[in-house]
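Reading through the structure tokens given below for one structure.
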Ligand SMILES: C[S@@+](CC[C@H](N)C(=O)[O-])C[C@H]1O[C@@H](n2cnc3c(N)ncnc32)[C@H](O)[C@@H]1O
């Protein structure tokens, strides 16, 4: 596996692009970490140490380090990876941004207790554990350097959306010998191009786009070790490491109600535990390629996850409140496409008013005063809007320090 990432650091990134944009995403966006690990109460004036385990070409480390540089004077990121080529890309990106709050460590996350002992408030580990011979051993090694009360954001491959990947991997093991990586990638491309229309990889429209990029193609099909997880398998892995599962993202994709208009079926789904409901949603949707989720150590789910209350400050990510407010004033609905599932969601008649008053500073109590709505009317309107915007991972909660 080391050979794969030395030859083709993944995902491929050009450090010069840092001058134009910051790549952000889930997990590990700082507002998201605050919402799903610290119930919105993270105090960034205090020291905050994060580990990015299997940091690759640096997406999460650069995002976190930049957000900490902007907001947390005592924030530090430790980047750990065993691929020197990947580290070189990540380091060049950090240099381009003049970030001084990242420490680069080379080695295996299985040795983290020796080479980067922490302890850490937060750990990011995306797209890594499913490539280890024993993912549970990897998660246990990370859990050991996590502070009590701290959390992790993880990404693991999801079984159903990767339909078609594993039979082609099997064929490639029979047809494409080990060795020279460019030759293997060329042979893989040739095989993929000649697959019949009936092949499940060919039929999976959400995977075909990656085949244009060599590093993505190798990542998809040439891994010596690669497994995928169902929701219940994620839950078992997390529980096995003594950690508590908080939430999968974005929440609406893991909500069976998203896919069940029938009232009788909805009533049955409503009786399920949250984790069984998430597993049902996965089975109904059939298109989840990855699971992005948060876990915590030595903390109950209720103590980690932010829920709306009078002192919650709604924070919009990837969207601007004023723009959304204007759009909802014209039509109080939000369209979304979840990898082929088109949704048209009602945000409530008062969505425009609520968003018009949101400035990332006012809490719900102040927003209610500002909008002049009666408490029950405000609460119902916010609940409807929050269900949609939080559900699509566009709105999070924090509390004032
Ligand atoms: C698919 S890439 C993901 C990179 C990054 N986390 C991201 O999401 O963009 C997997 C990375 O994990 C690294 N890796 C795999 N096994 C590792 C291990 N045992 N210890 C440290 N890094 C590892 C690889 O070198 C590679 O850079």
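Can you name the residue in segment 1-18 that is over 26 Å from residue 178 (Cα atoms) and part of a helix (DSSP H, G or I) and is also farthest from the ligand (Cβ to nearest atom) among such residues?
First, pick out the residues of segment 1-18 that are over 26 Å from residue 178 (Cα atoms): 14-18.
Applying the additional criterion that residues be part of a helix (DSSP H, G or I) yields 15-18.
On the way: 15: 15, 16: 18, 17: 15, 18: 15 Å.
Residue satisfying both the conditions and the ranking: 16.
Hey, can you tell me all the residues within segment 47-73 that are at pLDDT 95 or above and part of a loop (DSSP other than H, G, I, E, B)?
Across segment 47-73, the qualifying residues are 47, 54, 55, 56, 57, 58.
Looking at residue 39, is it on the phi > 0 side of the Ramachandran plot and away from the ligand (no atom under 15 Å from the Cβ)? So that I can check it myself, show each step before the final result.
Working: on the phi > 0 side of the Ramachandran plot: yes; away from the ligand (no atom under 15 Å from the Cβ): yes.
Yes; evaluated as a whole, the condition is true for this residue.
Tell me whether segment 103-121 contains one or more residues that are within 15 Å of the ligand (Cβ to nearest atom), surrounded by 24 or more Cβ atoms within 10 Å (Cβ to Cβ) and under 21 Å from residue 23 (Cβ atoms).
no
If the requirement is being within 16 Å of the ligand (Cβ to nearest atom), closer than 26 Å to residue 389 by Cα and crowded, with 24+ Cβ neighbours inside 10 Å, which of these qualifies: 60, 50? Don't jump to the end; show me each part of the working.
Details: 50 fails: closer than 26 Å to residue 389 by Cα.
Within the list 60, 50, the selection yields 60.
I'm checking my understanding of the structure. Among residues of segment 81-102 that are within 15 Å of the ligand (Cβ to nearest atom) and touching a strand residue (DSSP E or B) at 6+ places or on another chain (Cβ under 8 Å), which one is nearest to residue 155 (Cα to Cα)?
Filtering first and then ranking leaves 81.
Would you mention how many residues in segment 24-36 are surrounded by fewer than 24 Cβ atoms within 10 Å (Cβ to Cβ) and more than 16 Å from the ligand (Cβ to nearest atom)?
Result for segment 24-36: 2.
Restricting to segment 229-244, count the residues that are outside any helix (DSSP H, G or I) and under 16 Å from residue 290 (Cα atoms). Lay out the reasoning, then the answer.
Here is the first cut: in segment 229-244, the residues outside any helix (DSSP H, G or I) are 229-230, 241-244.
This time we only want the ones that are under 16 Å from residue 290 (Cα atoms), so: 229-230.
Matching residues across segment 229-244 total 2.
Looking only at segment 144-172, how many residues end up being surrounded by fewer than 18 Cβ atoms within 10 Å (Cβ to Cβ) and more than 23 Å from residue 220 (Cβ to Cβ)?
4
Being farther than 26 Å from residue 308 by Cβ, touching a residue at least 40 places away in the same chain (Cβ under 8 Å) and within 13 Å of the ligand (Cβ to nearest atom) is the filter here; which residues of segment 64-80 pass it?
78
Would you pick out the residues in segment 318-336 that are in a loop (DSSP other than H, G, I, E, B), at pLDDT 95 or above and out of contact with any helix residue (DSSP H, G or I) (no Cβ under 6 Å at 6 or more places or on another chain)?
Taking segment 318-336 first, the residues in a loop (DSSP other than H, G, I, E, B) are 318-320, 331-332.
Restricting the remaining residues to those that are at pLDDT 95 or above gives 331-332.
Answer for segment 318-336, where residues must be in a loop (DSSP other than H, G, I, E, B), at pLDDT 95 or above and out of contact with any helix residue (DSSP H, G or I) (no Cβ under 6 Å at 6 or more places or on another chain): just 331.
Considering each of 144, 136, 171 in turn, give the residue that is within 14 Å of the ligand (Cβ to nearest atom), in contact (Cβ under 8 Å) with a residue 12 or more places away in the chain and out of contact with any strand residue (DSSP E or B) (no Cβ under 9 Å at 6 or more places or on another chain). Walk me through it before giving the result.
Numbers: 144 fails: within 14 Å of the ligand (Cβ to nearest atom); 171 fails: within 14 Å of the ligand (Cβ to nearest atom).
When all the criteria are applied, what remains is 136.
Being in contact (Cβ under 8 Å) with a residue 40 or more places away in the chain and more than 16 Å from the ligand (Cβ to nearest atom) narrows it down to one of 179, 150, so name that one. Before the answer, list the steps.
Working: 179 fails: in contact (Cβ under 8 Å) with a residue 40 or more places away in the chain.
Only one candidate passes the filter, namely 150.
Looking at segment 173-203, which of its residues are buried (at least 18 other Cβ atoms within 10 Å of the Cβ) and assigned to a helix (DSSP H, G or I)? Spell out how you get there, then give the answer.
Narrowing segment 173-203 to residues buried (at least 18 other Cβ atoms within 10 Å of the Cβ): 176, 184-185, 188, 192, 201.
Once the filter is applied, which keeps residues that are buried (at least 18 other Cβ atoms within 10 Å of the Cβ) and assigned to a helix (DSSP H, G or I), segment 173-203 yields 184, 185, 188, 192, 201.
Evaluate the following for residue 270: is it under 24 Å from residue 395 (Cβ atoms), surrounded by fewer than 18 Cβ atoms within 10 Å (Cβ to Cβ) and at pLDDT 95 or above? Can you show your working first?
Numbers: under 24 Å from residue 395 (Cβ atoms): yes; surrounded by fewer than 18 Cβ atoms within 10 Å (Cβ to Cβ): yes; at pLDDT 95 or above: yes.
In short, yes.
Take the conditions in contact with a helix residue (DSSP H, G or I) (Cβ under 8 Å, 6 or more places away or on another chain), crowded, with 22+ Cβ neighbours inside 10 Å, assigned to a loop (DSSP other than H, G, I, E, B) and modelled with pLDDT of 95 or more and apply them to residue 288. Does it pass?
On the way: in contact with a helix residue (DSSP H, G or I) (Cβ under 8 Å, 6 or more places away or on another chain): yes; crowded, with 22+ Cβ neighbours inside 10 Å: yes; assigned to a loop (DSSP other than H, G, I, E, B): yes; modelled with pLDDT of 95 or more: yes.
The answer is yes for residue 288.
The values are calculated or read from the model by the stated rules, or taken from the named source; none is laboratory data. Since the structure is predicted, the reported quantities are computational estimates derived from the model, not experimental observations. Quick reminder, even Gly has a Cβ in these numbers, built from the backbone with ideal geometry, and neighbours come from all protein chains shown.
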